[in-house]
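Colleague: For reference, the structure I am asking about is given below.
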Amino acid sequence: MSGNQMSEDKMSEKTSDAGNKIPKMFAENIHKYPQWVFELRRTLYCKAKQEPKYQFYTLYSLICRQEVMEAAWGMVSRNKGAPGVDGVSIEEIQNAPNGVQHFLAELRQEMLNKTYQPKEVKRVYIPKANGKTRPLGIPTVRDRVAQAATLLVIEPIFEADFLDCSHGFRPGRSAHDAVSEIQAGIRAGYKQVYDADMASYFFLLVGGT
C-alpha cells in the first residue's frame, strides 16, 4: 500500500508490525481479500495495537473505497442468504443487465453523497430446539454490503482492543474455543465456572433501559 493511499486516514505511512503477535486473519490473507484491502486491515490493526489511544478519523472515506465495496460484495455473495424487505436477491443483482458493478457504483455514490438510507429489517422467526422461536432480522442485500464494508474497516481497530480471553462473536473464534480454555483451567486446578447470560436482551430492550 503506497504512502499517499494511506494518507487518506492521516495515519503514519509506515506502521511496523515487528515484535507484535499479529492474529492470522491480519498476518495472512486467508479470506482472499483484494491486496489493498488486506494491507489496509493489517495496517489498521497494527496501528490500533501499537497506539491504543490513537484517534482514528476519516474512516468513512475508506469504507467508501471501490476496493472495499468490492470486497464487501464478495463477503455478502459468498454467504448467500435470503432477500430483505425489498425482495431483491443476490442472484437478481448478478443477473441484472448492468450487473454487480452498476449495483456497487450506485450504492457507493449514495454513500459518498451521504444520501444512503438503510431499509427496514425483515423479521422472521426460526424454531429452537426447546419449541420456542428465535427472532431473526434479514437486512436487504444492499444494506448487507454497506454493513460488510463498514466491518472491513472498523473490525481491525476493535479487534486490537479485545482481550485474548474474549471469544463471543469474534472472527476465527467460537464457543468451542471458550470451552477449551475452561478445560485447560480445570486441568490447572481451578474448580469453579461462572456462567451469566441475559435472556432475550435485545428483543426485550425498550428505550435503552
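The values are calculated or read from the model by the stated rules, or taken from the named source; none is laboratory data. This one's a predicted model, so the numbers in the text were calculated from it and none came from an experiment. Glycine gets a Cβ as well: all are built from the backbone with ideal geometry, and neighbour counts include every protein chain shown. Each accessible area value is taken on the protein alone, full model and side chains, heavy atoms only, with ligands, DNA and RNA left out. Shrake-Rupley method; radii C 1.70, N 1.55, O 1.52, S 1.80 Å.
Colleague: Only Cα pairs under 8 Å and at least 6 apart count here; give the relative contact order of segment 111-158 as a rounded whole percent.
Modeller: 29
Colleague: Then there's this: How much net charge surrounds LYS122 when only other residues with a Cβ under 11 Å from its Cβ are counted (Lys, Arg +1; Asp, Glu -1)?
Modeller: In short, -1.
Colleague: Something else: Express the carbon and sulfur contribution to the solvent-accessible surface of the chain as a percent, rounded to the nearest whole number, probe 1.4 angstrom.
Modeller: Within the chain, the accessible surface is 54 percent carbon and sulfur.
Colleague: Sticking with this structure for a sec: Beyond a 26 Å Cα-Cα separation, which of these cross-linked pairs lie in this structure: LYS53/LYS122; LYS24/LYS53; LYS32/LYS114; LYS49/LYS80; LYS24/LYS128; LYS80/LYS122?
Modeller: The pairs that break the limit, which is 26 Å between Cα atoms, are LYS53/LYS122; LYS32/LYS114; LYS49/LYS80; LYS24/LYS128.
Colleague: Provide the gained length on full extension for the span PHE56 to LYS132, in nm with one decimal, where the gain is 0.36 nm per separating residue minus the Cα-Cα distance.
Modeller: 23.1 nm
Colleague: Also: Peptides 24-32, 180-188: what's the order by average Cβ count within 10 Å, highest mean first? Could the numbers behind the result be given before it?
Modeller: On the way: 24-32: 13.9, 180-188: 10.8.
Result, highest mean first: 24-32, 180-188.
Colleague: Step by step: find N for segment 102-209, compute 2.2 N^0.38 Å, then divide the Cα radius of gyration by it. What's the final number?
Modeller: After normalising by residue count via 2.2 N^0.38 Å, the value is 1.49.
Colleague: Run the numbers on segment 38-178 and let me know its relative contact order in percent, using alpha-carbon pairs under 8 Å that are six or more apart.
Modeller: It comes to 34 percent, rounded to a whole number.
Colleague: For segment 42-177, just run the numbers: alpha carbon Rg, then divide by 2.2 N^0.38 Å, N being how many residues it has.
Modeller: Details: Rg = 17.4 Å, N = 136, 2.2 N^0.38 = 14.2 Å.
In units of the 2.2 N^0.38 Å rule of thumb, it is 1.22.
Colleague: Which sequence of PHE162, PHE38 reflects their accessible areas, 1.4 Å probe, from the largest down?
Modeller: Working: PHE162 95, PHE38 15 Å².
Per-residue accessible area, sorted high to low, gives PHE162, PHE38.
Colleague: Something else: How high is the relative contact order of segment 81-138, given as a whole-number percent (alpha carbon pairs under 8 Å, six or more residues apart)?
Modeller: Rounded, it is 30 percent for segment 81-138.
Colleague: Kindly sort ARG41, ARG108, ARG65, ARG134 by accessible area of their heavy atoms, largest first, with the probe set to 1.4 Å. List each step's numbers first, then the result.
Modeller: Values: ARG41 5, ARG108 70, ARG65 40, ARG134 115 Å².
Correct descending sequence by accessible area is ARG134, ARG108, ARG65, ARG41.
Colleague: What are the ³J(HN,Hα) couplings of segment 146-155, residue after residue, when phi is run through the Karplus curve with 6.51, -1.76, 1.60 and θ = phi - 60°? Round to Hz, x for glycine and proline.
Modeller: Running phi through 6.51 cos²θ - 1.76 cosθ + 1.60 with θ = phi - 60° gives 4, 5, 5, 4, 5, 4, 4, 8, 8, 4 Hz.
Colleague: Another one. Heavy atoms only, 1.4 Å probe, whole protein assembly: order LYS49, LYS132 by accessible area, highest first.
Modeller: LYS132, LYS49
Colleague: Let me ask something additional. So if I take the centroid of the Cα atoms in segment 84-153 and the same for segment 175-195, what is the distance between those two points in Å?
Modeller: About 38 Å separates the Cα centre of segment 84-153 from the one of segment 175-195.
Colleague: If you roll a 1.4 Å probe over the heavy atoms of the protein chains, what accessible area per residue do you get for segment 108-209, in Å²? The partial results should precede the final answer.
Modeller: Numbers: 7900 Å² over 102 residues.
Roughly 77 Å² per residue, with all protein chains present.
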